[in-house]
Structure formats: C-alpha cells, structure tokens
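In what follows, a structure is listed as structure tokens, so that the remarks can point back to it.
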Amino acid sequence: MKKTPLTEKHRALGAKMVDYAGFEMPVQYAGVLEETKTVRTNVGIFDLTHMGEFELTGPGALETVNYVTTNDASVLKEGEIQYTCLTKEDGGIIDDILVYRTADGFLLVVNAANAAKDYAWIEQHLKSGTELKDLSDELTLIAVQGPKSAPLVEEIFNVSVADLKGYTFTEVTYEGEKVLLSRTGYTGEDGFELYFANALAEKLWDECLQKGEKHGVAPIGLGARDSLRLEARMPLYGNDISEETSPLEAGLSRFVKLDKESFIGKDFLQKQKEEGVQRRLAAFVMVDKGIPRQGYPLLNMDGEEIGAVTSGTHSPTLDYPIGMGYVDVAYAKPDTEIQVQIRKKLAKAKIIKGRFIG
C-alpha cells in the first residue's frame, strides 16, 4: 500500500487504517457518527492525498479538456473551477472530476482509483500542442470542511475568504511556499481544499488541529466522508456512477453541454436526451425499518424489480436510513413509494427530491 505524507500522523491519532485505492488511509478516528456530527456542526480535516492531480498546459490544453469532458471549460476564467465528467463514446462515465482554470492552463483533480485509467485516456486524446503532467505524487491534499472552516482557514493563512465564492480558488502562501486554496468539498457543508507540496504536510496538518481546537476541529476518516457525501446526495464513483451509467441517467445533465462543437460521447448523449433515459438515479428515504445496502434490489409496490441500491446507510445527521439507486424512470418521481429487498424482507421506501440535508 502507498502511504501519504500524513500516514504516521493518522496512526499517532489512533486512526483505523484501511487499504483504499492502493493507499493506506484512515477510515475512522473517533467513529463515523461523531466525525459526521463534527463536520455538520464545527469543522473537520481530511487527508485526501490519495486523489490524483494532472496538469494540462500548452496551446492545445483547452481543446483537449473540452474534447474529453462533458462540461464547457471555455467559459472558465482563471481562478474558477468546474465539475465535469470524462465519458466514453457510449456515454459511460470514466470518472467525475474537477477542472481548475490556472494561469498556465488547467489542473484536473481525479478520483484515486481511476487516476491511472484517467491519465491514459486523456493522454490518448491529447490535442496538438498539449503537455500532460501527473502531479499526484508531488502534492498533498487536505480538506477543511464544516460551518467553522472559514475562520480556521483565515487564521492559518492570514487571509480573508469572504470574497472567495464556491467553486473558485486562490493562491496563498504557507512557510513561503504556494498553496492552492479552493472553496470546494464533498460534504455538503462550506469548506476548502488545500493543495501544496508534500514537505509542508505534517506542519500544516498539525496547525489545522492546533488552531482549530477552539472551533471544535477533529480529524475525519473516509467512513464519515462517505456518510457526509451521501447525505448531500453527491454521487460516488464505483457506486452511483460508472462506465455503465451515463451522466443523463445519473442526474448530471446540467454538466453536459451538448451545444459544444465536439466531445467524446456527444452523439450518444444527444440521442439519449432526445429519446429519453430508461432509468434514473433516484434518492429515497426508508419508511419501514431496515438499512439499504449497495446491490439490494429495488421493487415497485407490486413486487416487480425496478432497479438496485447503489449507496445506502443510516444517516448520522438525520438518524434514519437513506439511499440512492437506479430505478425505471417511471418510478423516479418524488413521493413515489417503492420497496427495498433487505435479505428476505421487503421494506417500504419513498423517493425524494433534492438533497437529504440542506
């Protein structure tokens, strides 16, 4: 397993470590329930160094980004960030990523388990005059998330973030070194993600914990990160989206710009939009007792199978079970009653609109 520059810090804090995408990562410290509550009410810090970062520069960088992703990167100004998808010709999602518009080109932030696959795919489709560089091993990524994240970040970097809007970033300094500070996250709360050289990792992590003590800070593991993102109805690659699902089926159509001249998968997605999807990723809350788990069948009230659970848990914030899954499009409307097969028992659930929280 690969280590991050913070692995020994996690061990010293008593974290339970697991193999995640080939990295030794903390899954929990105090426990998922407590850590989820910390991020919802105070502030938590996450080591996300397992994520991949690619740099695209050169005169062909914009053309490359726009060809391999579904969103329109041409609208980005320096300092802006865009959520988007890498798609195959058949519309399947290779990965969901963030695109940062930098002074020199673009920074692409990709999911850890997909980094090698994504790099090979982008490299295969590079436009003339484009340089692709993998920065993943050079950068540490720490997320600072929660309603008290702003004052903590401001104190650490001695800057104001009042004018830093969501999905924008700025450059700050720490110990004389550059730090990319973005107002992004995967929790549904206000928060920031910090990208910087590995050499700064331990000191910056320690300072987050020390200066964040008065704000109720705590280190947060991957277990709570999963609960937080599900409560915010954010899809997880490998669960809710994959190469077998399209952005339109996953409810990500607002990130698919079919008026772009050309991108991989455009023809398929254009046709799918015109004909309509047959299934859709829906969110639901349990009416009966039982926790939905990935792979559990979803049925209509007549007992006919209409889909399957992709993500599910007992929500730490709401204190009841929630889930997401693909269902036949006729059953995806809010307030529709469905059933989840939990082992040999059928439990009633109800489709909802929007996020579970917020």
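In this structure, is Phe54 within 30 Å of Leu209 (Cα to Cα), under 17 Å from the mean Cα position of the chain (by Cα), crowded, with 23+ Cβ neighbours inside 10 Å and among the aromatic types (Phe, Trp, Tyr)? It is false that Phe54 is within 30 Å of Leu209 (Cα to Cα), under 17 Å from the mean Cα position of the chain (by Cα), crowded, with 23+ Cβ neighbours inside 10 Å and among the aromatic types (Phe, Trp, Tyr). One residue stands out in segment 292-330 among those that are among the polar types (S, T, N, Q) and part of a strand (DSSP E or B): the one that is nearest to Gln278 (Cα to Cα), namely Thr310. Here segment 324-334 is the region considered, the condition is being within 9 Å of Phe284 (Cα to Cα) and without any contact (Cβ under 8 Å) to a residue 60 or more places away in the chain, and the residue that is surrounded by the most Cβ atoms within 10 Å (Cβ to Cβ) is Gly325.
Show the residue pairs that are 6+ apart or on different chains and have beta-carbon atoms under 6 Å apart, the first residue being within segment 303-317 and closer than 17 Å to Ile291 by Cβ, the second being of a type in the set (Val, Ile, Thr). Pairs that qualify, where the first residue is closer than 17 Å to Ile291 by Cβ and the partner is of a type in the set (Val, Ile, Thr), are His314/Ile291; Ser315/Ile322; Pro316/Thr36; Thr317/Ile357. Residues that are in contact with a helix residue (DSSP H, G or I) (Cβ under 7 Å, 6 or more places away or on another chain) and hydroxyl-bearing (Ser, Thr, Tyr) were ranked within segment 65-80; the one that is surrounded by the most Cβ atoms within 10 Å (Cβ to Cβ) is Thr70. Quick check on Asp302: is it farther than 30 Å from Lys37 by Cβ, surrounded by fewer than 12 Cβ atoms within 10 Å (Cβ to Cβ), modelled with pLDDT of 95 or more and not hydrophobic (A, V, I, L, M, F, W, C)? Against the criterion (farther than 30 Å from Lys37 by Cβ, surrounded by fewer than 12 Cβ atoms within 10 Å (Cβ to Cβ), modelled with pLDDT of 95 or more and not hydrophobic (A, V, I, L, M, F, W, C)), Asp302 qualifies.
Give me the residue from segment 262-291 that is part of a loop (DSSP other than H, G, I, E, B) and in contact (Cβ under 8 Å) with a residue 60 or more places away in the chain and, out of that set, surrounded by the fewest Cβ atoms within 10 Å (Cβ to Cβ). Break it down stepwise before answering.
Let us first name the residues in segment 262-291 that are part of a loop (DSSP other than H, G, I, E, B), namely 262-265, 276-278, 287-291.
From what is left, the residues that are in contact (Cβ under 8 Å) with a residue 60 or more places away in the chain are 262-265, 287-288.
Numbers: Ser262: 9, Phe263: 24, Ile264: 20, Gly265: 24, Val287: 16, Asp288: 13.
Restricting to residues being part of a loop (DSSP other than H, G, I, E, B) and in contact (Cβ under 8 Å) with a residue 60 or more places away in the chain, the top hit is Ser262.
Considering (1) in contact (Cβ under 8 Å) with a residue 60 or more places away in the chain; (2) in the same structural domain as Lys214 (by TED's automatic domain parsing), the lone condition that Leu164 does not fulfil carries the number (1). Determine whether segment 81-101 contains at least one residue that is polar (S, T, N, Q), within 16 Å of the chain's Cα centre (by Cα), modelled with pLDDT of 95 or more and buried (at least 21 other Cβ atoms within 10 Å of the Cβ). Yes, because at least one residue in segment 81-101 is polar (S, T, N, Q), within 16 Å of the chain's Cα centre (by Cα), modelled with pLDDT of 95 or more and buried (at least 21 other Cβ atoms within 10 Å of the Cβ).
For (1) closer than 15 Å to Arg40 by Cα; (2) modelled with pLDDT of 95 or more; (3) in a loop (DSSP other than H, G, I, E, B), each residue gets a yes or a no:
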{"position": "Thr173", "(1), (2), (3)": "no, yes, no"}
{"position": "Gly188", "(1), (2), (3)": "yes, yes, yes"}
{"position": "Leu200", "(1), (2), (3)": "no, yes, no"}
{"position": "Trp205", "(1), (2), (3)": "no, yes, no"}
{"position": "Gln210", "(1), (2), (3)": "no, yes, no"}
{"position": "Ser227", "(1), (2), (3)": "yes, yes, no"}
{"position": "Glu244", "(1), (2), (3)": "no, yes, yes"}
{"position": "Leu258", "(1), (2), (3)": "no, yes, yes"}
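Assessment of segment 112-120 against the conditions (in contact with a Ser or Thr (Cβ under 7 Å, 6 or more places away or on another chain), of a type outside the set (Asp, Glu), surrounded by 17 or more Cβ atoms within 10 Å (Cβ to Cβ) and not assigned by TED's automatic domain parsing to the domain that holds Val179) yields at least one matching residue.
Please work out which one of (1) surrounded by 17 or more Cβ atoms within 10 Å (Cβ to Cβ); (2) free of Cβ contacts under 8 Å to residues at least 60 places away in the same chain; (3) of a type in the set (Lys, Arg) is the condition Lys127 fails and give its number. If we test Lys127 against (1) surrounded by 17 or more Cβ atoms within 10 Å (Cβ to Cβ); (2) free of Cβ contacts under 8 Å to residues at least 60 places away in the same chain; (3) of a type in the set (Lys, Arg), just (2) comes out false.
Going by the conditions given, is Arg229 closer than 26 Å to Pro334 by Cα, in contact with a helix residue (DSSP H, G or I) (Cβ under 7 Å, 6 or more places away or on another chain) and crowded, with 18+ Cβ neighbours inside 10 Å? No, not satisfied.
Please report, ordered by residue number, the strands (runs of 3 or more DSSP E) entirely within segment 67-141 with at least 2 residues that are touching a Cys at 6+ places or on another chain (Cβ under 6 Å).
Values: elements: 81-87, 93-101, 105-110, 131-134.
Filter on segment 67-141 gives 93-101.
Among the residues of this structure, Arg343 counts as one that is surrounded by fewer than 14 Cβ atoms within 10 Å (Cβ to Cβ), among the charged types (D, E, K, R) and over 28 Å from Lys273 (Cα atoms).
Name the residues in segment 25-50 that are closer than 19 Å to Gln210 by Cα, within 19 Å of the chain's Cα centre (by Cα) and not in a helix (DSSP H, G or I), would you? If the condition is that a residue be closer than 19 Å to Gln210 by Cα, within 19 Å of the chain's Cα centre (by Cα) and not in a helix (DSSP H, G or I), then Val43, Gly44, Ile45, Phe46, Asp47 are the ones that fit.
The values are calculated or read from the model by the stated rules, or taken from the named source; none is laboratory data. As the structure is a computational prediction, the values presented were derived from the model and not from experiment. Glycine also receives a Cβ, built like all others from the backbone with ideal geometry; neighbour counts cover every protein chain displayed.
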